[in-house]
1. Test LEU45 against the criterion of being surrounded by 18 or more Cβ atoms within 10 Å (Cβ to Cβ) and within 18 Å of the chain's Cα centre (by Cα), and give yes or no.
2. Among the residues of segment 24-42, is there at least one that is more than 16 Å from the ligand (Cβ to nearest atom), more than 20 Å from GLN89 (Cα to Cα) and surrounded by 15 or more Cβ atoms within 10 Å (Cβ to Cβ)?
3. Please verify whether TRP189 is surrounded by fewer than 18 Cβ atoms within 10 Å (Cβ to Cβ) and not in a loop (DSSP other than H, G, I, E, B), treating the condition exactly as stated.
4. Kindly evaluate GLY95 against the criterion of being crowded, with 16+ Cβ neighbours inside 10 Å, in contact with a Gly (Cβ under 7 Å, 6 or more places away or on another chain) and not assigned by TED's automatic domain parsing to the domain that holds ASN151.
5. Residues GLU68, GLU57: which one is more than 15 Å from the chain's Cα centre (by Cα), charged (D, E, K, R) and more than 13 Å from the ligand (Cβ to nearest atom)?
6. Output yes when any residue across segment 149-157 is free of Cβ contacts under 8 Å to residues at least 40 places away in the same chain and out of contact with any strand residue (DSSP E or B) (no Cβ under 6 Å at 6 or more places or on another chain), and no when none is.
7. Could you identify the single residue in VAL168, VAL156 that is away from the ligand (no atom under 13 Å from the Cβ) and either surrounded by 15 or more Cβ atoms within 10 Å (Cβ to Cβ) or not assigned by TED's automatic domain parsing to the domain that holds SER64 (or both)?
8. Take PHE121 and decide whether it is in a helix (DSSP H, G or I), hydrophobic (A, V, I, L, M, F, W, C), within 17 Å of the chain's Cα centre (by Cα) and away from the ligand (no atom under 15 Å from the Cβ).
Amino acid sequence: MTYPFELPDLGYDHDALDPHIDPRTMEIHHGKHHQGYTNNLNTALESYPDLHNLTGEDLLKDLSSLPEVIRTAVRNNGGGFVNHSIFWQVMTPGGSGVPSGALAEAIDTAFESFDAFKTIFQKTAAGQFGSGWGWLVVDPNDNLQVISTANQDNPVSIGLNPILGVDVWEHAYYLNYQNRRPDYITAWWNVVDWDVVASKFNSAIG
Ligand code: MN
(Lines give C-alpha, C1' and ligand atoms only; values in the text may rest on other atoms or scores of the structure.)
Protein backbone atom coordinates (compact mmCIF):
# COMPACT_ATOMS: atom_id res chain seq x y z
CA MET A 1 0.00 0.00 0.00
CA THR A 2 1.53 3.29 -1.05
CA TYR A 3 0.68 6.97 -1.28
CA PRO A 4 -1.98 8.14 -0.97
CA PHE A 5 -2.61 5.86 1.95
CA GLU A 6 -6.22 4.80 2.37
CA LEU A 7 -8.07 3.79 5.50
CA PRO A 8 -8.32 -0.01 5.38
CA ASP A 9 -11.69 -1.65 5.96
CA LEU A 10 -12.24 -3.21 9.36
CA GLY A 11 -13.31 -6.49 7.79
CA TYR A 12 -16.23 -6.72 10.25
CA ASP A 13 -19.02 -4.49 11.53
CA HIS A 14 -18.60 -1.93 14.29
CA ASP A 15 -20.67 -4.09 16.63
CA ALA A 16 -18.88 -7.34 15.77
CA LEU A 17 -16.51 -7.28 18.76
CA ASP A 18 -19.20 -6.35 21.27
CA PRO A 19 -19.32 -6.69 24.27
CA HIS A 20 -15.52 -6.83 24.50
CA ILE A 21 -15.12 -3.67 22.43
CA ASP A 22 -18.28 -1.59 22.08
CA PRO A 23 -19.61 -0.36 18.69
CA ARG A 24 -19.26 3.37 19.45
CA THR A 25 -15.60 2.94 20.36
CA MET A 26 -14.98 0.97 17.16
CA GLU A 27 -16.79 3.58 15.05
CA ILE A 28 -14.80 6.51 16.45
CA HIS A 29 -11.51 4.60 16.65
CA HIS A 30 -11.60 3.46 13.04
CA GLY A 31 -13.53 6.28 11.40
CA LYS A 32 -11.99 9.23 13.26
CA HIS A 33 -8.68 8.26 14.88
CA HIS A 34 -7.34 5.91 12.21
CA GLN A 35 -8.70 8.14 9.45
CA GLY A 36 -6.95 11.08 11.08
CA TYR A 37 -3.56 9.35 11.15
CA THR A 38 -4.08 8.33 7.53
CA ASN A 39 -4.92 11.86 6.42
CA ASN A 40 -2.02 13.38 8.36
CA LEU A 41 0.43 10.85 6.90
CA ASN A 42 -0.73 11.74 3.39
CA THR A 43 -0.35 15.44 4.13
CA ALA A 44 3.17 14.95 5.49
CA LEU A 45 4.25 13.08 2.35
CA GLU A 46 2.45 15.25 -0.18
CA SER A 47 5.51 17.25 -1.23
CA TYR A 48 7.86 14.23 -1.25
CA PRO A 49 7.04 12.16 -4.35
CA ASP A 50 10.27 10.21 -3.98
CA LEU A 51 8.72 8.57 -0.91
CA HIS A 52 5.39 7.72 -2.53
CA ASN A 53 6.36 4.18 -3.52
CA LEU A 54 7.19 3.20 0.06
CA THR A 55 4.84 1.24 2.29
CA GLY A 56 4.04 2.44 5.79
CA GLU A 57 6.40 -0.19 7.17
CA ASP A 58 9.17 0.93 4.79
CA LEU A 59 8.84 4.49 6.04
CA LEU A 60 9.00 3.42 9.69
CA LYS A 61 11.92 1.01 9.26
CA ASP A 62 14.35 3.79 8.46
CA LEU A 63 13.06 7.00 10.01
CA SER A 64 16.54 8.56 10.06
CA SER A 65 16.62 8.48 6.26
CA LEU A 66 13.55 10.73 6.01
CA PRO A 67 13.78 14.50 5.60
CA GLU A 68 14.04 15.93 9.08
CA VAL A 69 11.11 18.29 8.53
CA ILE A 70 8.64 15.38 8.15
CA ARG A 71 10.37 12.77 10.32
CA THR A 72 8.25 13.30 13.44
CA ALA A 73 5.01 13.55 11.45
CA VAL A 74 5.77 10.25 9.68
CA ARG A 75 6.84 8.59 12.93
CA ASN A 76 3.58 9.57 14.64
CA ASN A 77 1.08 9.35 11.78
CA GLY A 78 2.77 6.59 9.80
CA GLY A 79 2.93 4.70 13.07
CA GLY A 80 -0.74 5.43 13.71
CA PHE A 81 -1.61 4.26 10.21
CA VAL A 82 0.36 0.99 10.40
CA ASN A 83 -0.40 0.18 14.05
CA HIS A 84 -4.15 0.44 13.63
CA SER A 85 -4.04 -1.53 10.38
CA ILE A 86 -2.38 -4.36 12.34
CA PHE A 87 -4.82 -3.95 15.23
CA TRP A 88 -7.95 -4.48 13.10
CA GLN A 89 -6.34 -7.49 11.41
CA VAL A 90 -5.49 -9.35 14.60
CA MET A 91 -9.05 -9.18 15.91
CA THR A 92 -12.07 -11.17 14.77
CA PRO A 93 -15.58 -11.63 16.17
CA GLY A 94 -15.45 -14.29 18.86
CA GLY A 95 -11.69 -14.71 18.50
CA SER A 96 -10.07 -17.78 17.05
CA GLY A 97 -8.96 -20.33 19.59
CA VAL A 98 -5.39 -20.50 20.75
CA PRO A 99 -2.03 -20.57 18.96
CA SER A 100 -1.07 -23.80 17.25
CA GLY A 101 1.82 -25.17 15.22
CA ALA A 102 5.07 -23.25 14.93
CA LEU A 103 3.67 -20.20 16.71
CA ALA A 104 2.60 -22.28 19.71
CA GLU A 105 6.06 -23.86 19.86
CA ALA A 106 7.75 -20.47 19.67
CA ILE A 107 5.55 -19.13 22.47
CA ASP A 108 6.42 -22.12 24.66
CA THR A 109 10.12 -21.66 23.90
CA ALA A 110 10.12 -17.96 24.71
CA PHE A 111 7.67 -17.83 27.62
CA GLU A 112 7.36 -21.49 28.79
CA SER A 113 3.60 -21.61 28.22
CA PHE A 114 0.72 -19.77 26.55
CA ASP A 115 -0.66 -18.76 29.94
CA ALA A 116 2.72 -17.39 31.02
CA PHE A 117 2.95 -15.45 27.76
CA LYS A 118 -0.50 -13.94 28.34
CA THR A 119 0.48 -12.88 31.84
CA ILE A 120 3.64 -11.17 30.60
CA PHE A 121 1.86 -9.52 27.67
CA GLN A 122 -1.01 -8.32 29.87
CA LYS A 123 1.39 -6.87 32.45
CA THR A 124 3.51 -5.17 29.81
CA ALA A 125 0.58 -3.64 27.93
CA ALA A 126 -1.26 -2.56 31.08
CA GLY A 127 1.95 -1.13 32.48
CA GLN A 128 2.80 1.08 29.50
CA PHE A 129 2.91 4.55 31.06
CA GLY A 130 0.61 6.86 29.16
CA SER A 131 -0.43 6.20 25.59
CA GLY A 132 1.08 3.39 23.57
CA TRP A 133 0.89 -0.20 22.47
CA GLY A 134 1.62 -3.70 23.74
CA TRP A 135 3.27 -6.02 21.22
CA LEU A 136 4.31 -9.58 20.53
CA VAL A 137 7.27 -9.27 18.16
CA VAL A 138 9.73 -11.47 16.28
CA ASP A 139 13.34 -10.40 16.79
CA PRO A 140 16.16 -10.73 14.21
CA ASN A 141 16.99 -14.21 15.58
CA ASP A 142 13.38 -15.34 15.01
CA ASN A 143 12.69 -15.37 18.74
CA LEU A 144 9.51 -13.94 20.25
CA GLN A 145 9.56 -10.99 22.62
CA VAL A 146 6.90 -8.96 24.41
CA ILE A 147 7.45 -5.21 24.43
CA SER A 148 5.50 -1.99 24.72
CA THR A 149 6.03 1.20 22.76
CA ALA A 150 5.04 4.77 23.55
CA ASN A 151 2.70 6.90 21.49
CA GLN A 152 2.42 5.47 17.95
CA ASP A 153 5.92 4.04 17.74
CA ASN A 154 6.02 0.77 15.82
CA PRO A 155 8.49 -2.05 16.61
CA VAL A 156 9.85 -2.08 13.05
CA SER A 157 11.62 1.20 13.86
CA ILE A 158 13.81 -0.72 16.33
CA GLY A 159 14.31 -3.79 14.16
CA LEU A 160 11.49 -5.92 15.56
CA ASN A 161 8.64 -7.42 13.57
CA PRO A 162 5.20 -7.08 15.20
CA ILE A 163 2.78 -10.01 14.88
CA LEU A 164 0.24 -8.99 17.55
CA GLY A 165 -0.55 -5.59 19.01
CA VAL A 166 -3.01 -4.07 21.44
CA ASP A 167 -3.79 -0.37 21.47
CA VAL A 168 -3.67 0.96 25.04
CA TRP A 169 -4.41 4.59 24.23
CA GLU A 170 -7.41 5.73 26.27
CA HIS A 171 -9.34 6.29 23.03
CA ALA A 172 -9.25 2.50 22.54
CA TYR A 173 -11.23 1.74 25.69
CA TYR A 174 -12.32 4.79 27.68
CA LEU A 175 -16.01 4.87 26.68
CA ASN A 176 -16.61 1.38 28.04
CA TYR A 177 -13.82 0.79 30.53
CA GLN A 178 -12.89 4.34 31.70
CA ASN A 179 -9.67 3.97 33.76
CA ARG A 180 -9.79 0.16 33.82
CA ARG A 181 -7.16 -0.59 31.19
CA PRO A 182 -6.43 -4.09 32.57
CA ASP A 183 -10.11 -5.05 32.22
CA TYR A 184 -10.07 -3.91 28.58
CA ILE A 185 -7.01 -6.05 27.85
CA THR A 186 -8.53 -9.03 29.65
CA ALA A 187 -11.62 -8.71 27.43
CA TRP A 188 -9.53 -8.10 24.30
CA TRP A 189 -8.03 -11.61 24.50
CA ASN A 190 -11.51 -12.89 23.59
CA VAL A 191 -11.32 -11.34 20.12
CA VAL A 192 -7.71 -12.09 19.15
CA ASP A 193 -7.45 -13.88 15.80
CA TRP A 194 -4.66 -16.41 16.38
CA ASP A 195 -4.86 -17.59 12.77
CA VAL A 196 -3.81 -14.13 11.63
CA VAL A 197 -1.08 -13.93 14.29
CA ALA A 198 0.24 -17.32 13.16
CA SER A 199 0.25 -16.14 9.56
CA LYS A 200 2.22 -13.04 10.52
CA PHE A 201 4.63 -15.21 12.52
CA ASN A 202 5.22 -17.52 9.56
CA SER A 203 5.87 -14.54 7.29
CA ALA A 204 8.23 -12.98 9.84
CA ILE A 205 10.41 -16.08 10.15
CA GLY A 206 10.16 -16.95 6.46
MN1 MN B 1 -5.88 3.91 18.57
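1. When the stated conditions are applied, LEU45 does not pass them.
2. Yes.
3. Values: surrounded by fewer than 18 Cβ atoms within 10 Å (Cβ to Cβ): yes; not in a loop (DSSP other than H, G, I, E, B): yes.
In short, yes.
4. Considered against the rule, which asks whether it is crowded, with 16+ Cβ neighbours inside 10 Å, in contact with a Gly (Cβ under 7 Å, 6 or more places away or on another chain) and not assigned by TED's automatic domain parsing to the domain that holds ASN151, GLY95 comes out as no.
5. GLU68
6. Looking for residues that are free of Cβ contacts under 8 Å to residues at least 40 places away in the same chain and out of contact with any strand residue (DSSP E or B) (no Cβ under 6 Å at 6 or more places or on another chain), one finds none in segment 149-157, hence no.
7. VAL156
8. yes
The values are calculated or read from the model by the stated rules, or taken from the named source; none is laboratory data. Small disclaimer: the values here were computed from a predicted structure and weren't measured. Cβ sites come from the backbone with ideal geometry, for glycine too, and all protein chains shown count toward neighbours.
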